[in-house]
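Worksheet: the structure to be examined is printed underneath.
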Amino acid sequence: AKHLTMSPPKMPDLSTSTKHKYVKLGYQYLVNNFLTLLLIPILAYTALELFRMGPEEILNHLNSLNFNLLHILCSSFLIIFVSTVYFMSKPRTIYLVDYSCFKPPVTCRVPFATFMEHSRLNLIDSPKSVEFQMRILERSGLGEETCLPPAIHYIPPTPTMDAARSEAELVIFTAMDDLFKKTGLKPKDIDILIVNCSLFSPTPSLSAMIINKYKLRSNIKSLNLSGMGCSASLISVDVARDLLQVHPNSNAVIVSTEIITPNYYQGKERAMLLPNCLFRMGAAAILLSNRRSDRWRAKYKLCHLVRTHRGAEDKSYYCVYEQEDDESHVGINLNKDLMAIAGEALKSNITTIGPLVLPASEQLLFLTSLIGRKIYNAKWKPYIPDFKMALEHFCIHAGGRAVIDELQKSLQLSAEHVEASRMTLHRFGNTSSSSLWYELSYIEAKGKMKRGDRVWQIAFGSGFKCNSAVWKSNRTIKTPTEGPWSDCIDRYPVFIPEVVKL
């Protein structure tokens, strides 16, 4: 009886939401096409007046104008001079010719059961630490096919220098060989080489290791970046862009990776055990060029790159910190305030990149909101720009489930927009700086990248940094037959439950 007397649930007011939708669409169309709408009446009025005047009257007006040869020559020279200065001072266009991602061998696979069994054996005296890792793994968003290097498979792990070098050679050389095969690039043709790896920085450097392996030229410009965190790949792109601006007719190869072997934490501190559950093997090799001849074969061109650094604040500086625990085990301490700090860094980055990519309608709303909060009421809810109007694809660093959730909420993105990030985390885990390229490869493998599409790469790193880049597709990219997703793309996307009980 109680069930029968219950009132039916209230339906949402669709008329209100529909009206609001059309009002917003009308506003966006009006602001974004303001100049066009302004010019149409002027051109129409001019055409109408010319039609009324007739041919003879138009010729009389033209004959009444006195054209001085000297004035014409001076005006032509000025136009040519200004055009020459403009084109010479214009930054060179940077093209992303192609890239490749390392695909780990199946022998390195670490299913949940294997990971937990090894944790129990390695931490036999600390069952609480094992239980903590199990809870993290259950909620991590990782799948059963992520991989760890061979040295970590031993019980206990054997993180020797030789093992670390072996991992570096495996992931880097495999990615480089694949890049050479894809692009037809010869090792001797490389002008600039940039390698980024945060935690493993041997002597000689990893860039020297590549030069030695492929016998690169003696006058190559090589750099090795370390300690820059998971956003280091975009820092490498920024450095390569600056070098390509001053070196015409050149190319640059970037290698982004993180070597896991020497950085596997063997202690009991919870904040330092977290990276063990998330970080996995990975690497990417990227070919950039400033040559005009490469524009026809390049996949993308670089539109914008914005770097935000909040290291001046102590809480940002210490939120991702390499240190020793009480038992002298070295590891990475992830602070509990990490997500809040990442949110602040993202806001700073959005404030800079927003005006570069957003249409006028969104910029006007954001500016109005900003002025209102500053002048009238600081408690006003800030307006979050709709980046979906300016960008078709999003590659959010697959640092963890919480990172993707937070950015999806902050940027008001749909599940489809963050699909590449979630699936990359599920299939490959957190591969640090190279994760952005696995995500871009996922979008291509799904056949979603069309000519003119823009993709936004967003990454976070220790320090604390938030870096982002916007690329524009030069052509519709065919679904690749090879690559890291070639053998599994048909079964993605997969459903990822909130908790996977182990």
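The values are calculated or read from the model by the stated rules, or taken from the named source; none is laboratory data. All values reported here derive from a predicted model rather than from experimental measurement. Using ideal geometry, Cβ is built from the backbone for each residue, glycine included, and neighbour counts are taken over all protein chains shown. When the accessible area is computed, the model is the full protein with side chains, heavy atoms only, and any ligands, DNA or RNA have been set aside. Shrake-Rupley method; radii C 1.70, N 1.55, O 1.52, S 1.80 Å.
In the chain, carbon and sulfur make up what percent of the accessible area (probe 1.4 Å)?
60 percent
Taking a 21 Å limit on the Cα-Cα distance, which of the listed pairs LYS409/LYS446; LYS103/LYS336; LYS182/LYS478 fall beyond it?
Pairs exceeding 21 Å: LYS409/LYS446; LYS103/LYS336.
Using label points projected 7 Å from each Cα along Cα→Cβ, tell me how many nm separate ASN212 and HIS329, to one decimal.
Calculated label separation equals 3.2 nm.
Leaving out same-chain residues fewer than 8 places away, which aspartates and glutamates sit with a Cα under 15 Å from that of LYS448?
The qualifying aspartates and glutamates are GLU392, GLU416, GLU419, GLU439, ASP490.
Compute the long axis of helix 360-375 from its Cα atoms, compare it with the longest principal axis of the Cα atoms of the chain, and write down the angle in degrees, 0 to 90, nearest 10.
70 degrees
For the chain, what is the charge dipole size about the Cα centre, in debye to the nearest 20, if Lys and Arg each add +1 at the Cβ and Asp and Glu each add -1 at the Cβ?
In debye, rounded to 20, the chain gives about 1140.
Across 5 Å bins from 0, what is the distribution of all Cα-Cα pair distances for region 107-155, in whole percents?
Once binned at 5 Å, the Cα pair distances of region 107-155 give 4, 22, 29, 26, 16, 3.
Pulled fully out, how much extra length does the chain show between SER414 and THR158, if you take 0.36 nm times their separation in residues and subtract their Cα-Cα distance?
87.9 nm
Could you list the trypsin sites (Lys or Arg not before Pro) in region 157-187 that lie in coil according to DSSP, counting only those with at most 15 other Cβ atoms within 10 Å of their Cβ?
Answer in residue order: no site qualifies.
Which whole-number percentage describes the relative contact order of the chain, with Cα contacts under 8 Å and a sequence gap of 6 or more?
Dividing the mean separation by the residue count of the chain yields 19 percent.
Sticking to Cα atoms, compute the Rg of region 280-379 to one decimal and its Dmax as the biggest Cα-Cα distance, whole number, in Å.
That works out to 20.4, 57 Å for Rg and Dmax.
Starting from the Cα-Cα distance between LYS450 and ILE384, subtract it from 0.36 nm times their residue separation and give me the gain in nm to one decimal.
21.1 nm
If you fit an axis through the alpha-carbon atoms of helix 232-246 and take the longest principal axis of the Cα set of the chain, what angle between them do you get, 0 to 90°, nearest 10?
With both axes taken from Cα atoms, the answer is about 40 degrees.
Roughly what percent of Cα-Cα pairs across region 163-266 reach past 23 Å?
Values: 1264 of 5356 pairs.
Roughly 24 percent, rounded to a whole number.
Restricting attention to the alpha-carbon atoms of region 414-502, what are Rg (one decimal) and Dmax (integer), both in Å?
14.1, 45
So what's the back-of-envelope 222 nm ellipticity for the chain, counting only DSSP H runs of four-plus at -39500 (n - 2.57) apiece and dividing by all residues, rounded to 500?
-14500 deg cm²/dmol
What number, in percent, do you get for the relative contact order of region 371-450 if the mean sequence gap of Cα pairs under 8 Å and at least 6 apart is divided by its residue count?
29 percent
For LYS90, give me every one of the lysines with a C-alpha distance below 23 angstrom, ignoring sequence neighbours fewer than eight places off in its own chain.
Within the straight-line limit of under 23 Å, LYS90 reaches these lysines: LYS299, LYS301, LYS472.
Sorting check: for 406-414, 438-446, which peptide has the highest mean count of neighbouring beta carbons within 10 Å, and how do the rest follow?
438-446, 406-414
For the chain, evaluate the Debye formula with one uniform point scatterer on each Cα (no solvent term) and list log10 I(q)/I(0) at q = 0.06, 0.07 Å⁻¹, rounded to two decimals.
So the normalised log intensities are -0.36, -0.48.
Tell me which cysteines of the chain come out unpaired when the rule is another cysteine's Cβ under 4.7 Å.
Cysteines of the chain left without a disulfide-compatible partner: CYS74, CYS101, CYS197, CYS230, CYS277, CYS303, CYS319, CYS395, CYS466, CYS488.
Rounded, prolate or oblate: which fits region 344-409, taking a ≥ b ≥ c as square roots of the Cα gyration tensor eigenvalues, rounded meaning a/c under 1.5, else prolate when a/b beats b/c?
Cα axes put region 344-409 in the oblate bin.
Given labels modelled 7 Å from the Cα in the Cβ direction, how far is it in nm from ARG307 to LEU121?
4.3 nm
Give me the compactness ratio for region 209-343, meaning the Cα radius of gyration over 2.2 N^0.38 Å.
That works out to 1.31 for region 209-343.
For ASP487 and CYS74 in the same chain, what is the full-extension length gain: residue separation times 0.36 nm, less their Cα-Cα distance, in nm?
142.2 nm
Let's test this: bin the Cα-Cα distances of region 70-222 at 5 Å from zero up to the farthest pair and state each bin's percent.
Spelled out per bin, shortest first, that is 1, 7, 11, 13, 12, 11, 9, 8, 6, 5, 4, 3, 3, 2, 2, 1, 1, 0, 0.
Quick check: the distance between the Cα centres of region 103-129 and region 480-495, to the nearest angstrom?
Here the two parts' Cα centres lie 25 Å apart.
Label 7 Å along Cα→Cβ of GLU131; region 465-502 residues with amide nitrogen under 19 Å?
Label zone hits: 500-502.
Where only protein heavy atoms count, and the probe is 1.4 Å, what is the accessible area per residue for the chain in Å²?
It amounts to 54 Å² per residue over the chain.
Note down the relative contact order for region 98-254 as a percent, whole number, built from C-alpha pairs under 8 angstrom at least six residues apart.
22 percent
Between the helical axis of 435-445 and the dominant principal axis of the chain, each derived from Cα atoms, what acute angle in degrees is found, rounded to the nearest 10?
Taking Cα atoms only, the helix is inclined about 60 degrees.
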